[in-house]
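To start, the structure under review is shown below, and the notes come after it.
The values are calculated or read from the model by the stated rules, or taken from the named source; none is laboratory data. A quick note: this is a predicted structure, and the numbers were derived from the prediction, not measured. Methodologically, a virtual Cβ is constructed for each residue, glycine included, from the backbone with ideal geometry; neighbour enumeration extends over all protein chains shown.
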Amino acid sequence: MDETLKNIISSLGGREIGIDGTFKFHCTCCGKCCINREDILLNPRDVYNMSRELGMSPEKLVKKYCEVYAGEDSRVPIVRVKPKGHVKRCPLLKDRKCMVHKSKPSVCALFPIGRVLQVGDTEGNIKDISVEDVQYIFSSPGCGDNAESHTVREWLGHCGIPIEDEFFIKWQKVIMETSIIFRKMEKKFRPQVMELAWTAAFVVLYLHYDTGEGFMPQFEENAQSFQGLLHKIQKD
Ligand code: SF4
Ligand code: SF4
């Protein structure tokens with residue numbers, strides 16, 4: 001594992017764990033992980049799954065429960081569940097239950113396991129990546145008890161997240177490529193042009209889905225058309 005990545009993981013108090021590595025954790029359903037939360041970031045698949053479960057469009061879901069901003073370093077659109085009130089309660093917590101229990105955001109479903117994937121090399125070039133490059137992190141959650149022992153493989157299965165998660169890999173690549181292009185474009189284009197490109201990224205990558213149709217083919221089509229647009233702007 002790359003040294004920078006190792007340092008980030010250790011600063012987060014986590015440890016790398018293999019797909020068949022074990023960790024001890026048992027959720028006691030206290031509900032505390034749904035309050036005091038400001039870190040629930042959604043990817044396009046989360047937005048699609050949650051919209052479908054709630055029977056609303058991705059646009060309405062984001063408008064009602066999220067906020068969208070440009071990543072400070074990456075410049076790409078970030079969609080975050082917007083916490084409510086002084087206790088920073090997740091707006092999807094209703095009567096002490098998650099309103100999207102069957103389609104929880106990946107970060108909620110995987111907790112206390114996290115996934116990382118190093119997409120770029122030290123020069124910022126996109127590497128050829130595959131499922132074997134996905135690394136798993138276990139961070140001591142500070143909640144529940146240690147009454148159960150799990151493997152990462154079993155935990156992912158229980159969360160409904162595929163081990164060979166084609167979307168996760170493609171999404172990391174799209175973010176990295178978009179971030180590199182956006183940072184190059186910022187040096188050449190007026191802020192108004194950048195605003196348009198950023199809005200296109202948000203709308204095409206996160207919102208442009210019919211929840212009555214499958215997710216992955218739509219994501220691939222959206223990512224391809226957005227990247228085609230970026231390359232065209234760069235050439236012009
Ligand atoms: S989305 Fe559901 S599980 Fe995640 S913090 Fe909100 S209520 Fe809790
Ligand atoms: S994951 Fe932890 S904080 Fe969340 S409900 Fe379970 S025990 Fe409580």
Restricting to the stretch 19-35, name every residue that is assigned to a loop (DSSP other than H, G, I, E, B) and near ligand 1 (Cβ under 10 Å from one of its atoms). Gly31, Ile35
What are the pairs with Cβ atoms under 8 angstrom where one residue, in the stretch 177-197, is more than 15 Å from Leu229 (Cβ to Cβ) and the other, located anywhere, is at pLDDT 90 or above? Sequence gap at least six, or different chains. Ser179/Gly71; Ser179/Arg75; Ser179/Val76; Arg183/Arg75; Glu186/Arg75; Glu186/Met194
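For the condition more than 14 Å from ligand 2 (Cβ to nearest atom), under 17 Å from the mean Cα position of the chain (by Cα), in a loop (DSSP other than H, G, I, E, B) and of a type in the set (A, V, I, L, M, F, W, C), what is the one hit in Ile129, Ile175, Ile169, Ile163?
Numbers: Ile129 fails: under 17 Å from the mean Cα position of the chain (by Cα); Ile175 fails: in a loop (DSSP other than H, G, I, E, B); Ile169 fails: in a loop (DSSP other than H, G, I, E, B).
On inspection, the qualifying residue turns out to be Ile163.
Just give me the residues in the stretch 195-217 being in contact with a helix residue (DSSP H, G or I) (Cβ under 8 Å, 6 or more places away or on another chain), part of a helix (DSSP H, G or I) and not small (Gly, Ala, Ser), in sequence order.
Filtering the stretch 195-217 for residues in contact with a helix residue (DSSP H, G or I) (Cβ under 8 Å, 6 or more places away or on another chain) gives 197-198, 200-201, 204-211, 215-216.
This time we only want the ones that are part of a helix (DSSP H, G or I), so: 197-198, 200-201, 204-207, 215-216.
Answer for the stretch 195-217, where residues must be in contact with a helix residue (DSSP H, G or I) (Cβ under 8 Å, 6 or more places away or on another chain), part of a helix (DSSP H, G or I) and not small (Gly, Ala, Ser): Trp198, Val204, Leu205, Tyr206, Leu207, Phe215, Met216.
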What is the residue count in the stretch 74-90 for residues that are farther than 13 Å from Asp39 by Cα and in contact (Cβ under 8 Å) with a residue 24 or more places away in the chain? 5
Condition met for Gly142 (modelled with pLDDT under 90 and either out of contact with any strand residue (DSSP E or B) (no Cβ under 9 Å at 6 or more places or on another chain) or not in a loop (DSSP other than H, G, I, E, B) (or both)): yes
Tabulated pairs, the stretch 130-152, first within 19 Å of Thr22 (Cβ to Cβ), second of a type in the set (Lys, Arg) and surrounded by 15 or more Cβ atoms within 10 Å (Cβ to Cβ), C-beta under 7 angstrom, 6+ apart or interchain: Val134/Arg115; Tyr136/Arg115
Scan the stretch 81-107 for residues that are crowded, with 16+ Cβ neighbours inside 10 Å and part of a strand (DSSP E or B) and jot them down. Val81, Leu93, Cys98
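When the residues of the stretch 23-49 are filtered to those that are away from ligand 2 (no atom under 16 Å from the Cβ) and touching a helix residue (DSSP H, G or I) at 6+ places or on another chain (Cβ under 7 Å), which remaining residue is farthest from Pro141 (Cα to Cα)? Spell out how you get there, then give the answer.
The first filter runs over the stretch 23-49 and keeps only residues away from ligand 2 (no atom under 16 Å from the Cβ), leaving 41-49.
Next, only the ones that are touching a helix residue (DSSP H, G or I) at 6+ places or on another chain (Cβ under 7 Å) stay: 41, 43-49.
On the way: Leu41: 18, Asn43: 22, Pro44: 26, Arg45: 25, Asp46: 22, Val47: 25, Tyr48: 27, Asn49: 25 Å.
Among those residues, the one meeting the criterion is Tyr48.
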Kindly list the number of the only condition in (1) of a type outside the set (Phe, Trp, Tyr); (2) closer than 16 Å to Leu93 by Cα; (3) away from ligand 1 (no atom under 11 Å from the Cβ); (4) surrounded by fewer than 13 Cβ atoms within 10 Å (Cβ to Cβ) that fails for Ser51. (4)
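Does Phe182 count as touching a Lys or Arg at 6+ places or on another chain (Cβ under 8 Å) and either in a helix (DSSP H, G or I) or over 19 Å from Val47 (Cβ atoms) (or both)?
Numbers: touching a Lys or Arg at 6+ places or on another chain (Cβ under 8 Å): yes; either in a helix (DSSP H, G or I) or over 19 Å from Val47 (Cβ atoms) (or both): yes.
So Phe182 fits the description; yes.
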